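The values are calculated or read from the model by the stated rules, or taken from the named source; none is laboratory data. What you see is a predicted model; the values in this text were computed from it and never measured. Here the Cβ positions follow ideal geometry from the backbone for every residue, glycine too, while neighbour counts run over all protein chains shown.
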Amino acid sequence: MLGDLVELGSGDKVTVDGEVAEADGLEIDESLLTGEADPVHKRPGDPVMSGSFVVAGSGAFTTTRVGARHTPRNWPRRPAGSPWSPRNCAAASTRSCATSPGCCCPPRSG
């Protein structure tokens, strides 16, 4: 729930966004989210992001973003004429995405 205090230890995955409340040598690997190769040393007040994981130390964070309102289906919709709209992607699915600039469909295999 929003505002919960979640304890972290080495090897733990961060499953919701939050803000560090306590840290004892806490280092987080955010490479899957940011591309940063080195672990990030976290101090109280620093953000933690869902999808990262603890590589060293321990600590705790307070959850700041949880629940259905933070899922893709609830993100703002693009206008129907946008090249990224679902209708345009459905039309593009009948041809190669390589020939459809701005296509949001995954490339077809084969």
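Scanning the range 34-66 for residues that are under 23 Å from Met1 (Cβ atoms) and not in a strand (DSSP E or B) gives Lys42, Pro44, Gly45, Asp46, Met49, Ser50, Gly51, Ser52, Val66.
Residue by residue, here is whether (1) out of contact with any helix residue (DSSP H, G or I) (no Cβ under 9 Å at 6 or more places or on another chain); (2) among the charged types (D, E, K, R) holds:
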| position | (1), (2) |
| --- | --- |
| Gly3 | yes, no |
| Ser10 | yes, no |
| Gly18 | yes, no |
| Glu30 | yes, yes |
| Pro39 | no, no |
| Val55 | yes, no |
| Thr62 | yes, no |
| Val66 | yes, no |
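Kindly check whether there is at least one residue in the range 30-44 that is surrounded by 16 or more Cβ atoms within 10 Å (Cβ to Cβ), out of contact with any His (no Cβ under 8 Å at 6 or more places or on another chain), basic (Lys, Arg) and modelled with pLDDT of 90 or more. Yes, that holds for at least one residue. Among the residues examined, Thr15 does not qualify as of a type in the set (Val, Ile, Thr) and modelled with pLDDT under 50. For the range 1-33, taking the residues that are part of a loop (DSSP other than H, G, I, E, B) and among the aliphatic types (A, V, I, L, M), the one that is farthest from Gly45 (Cα to Cα) is identified as Met1.
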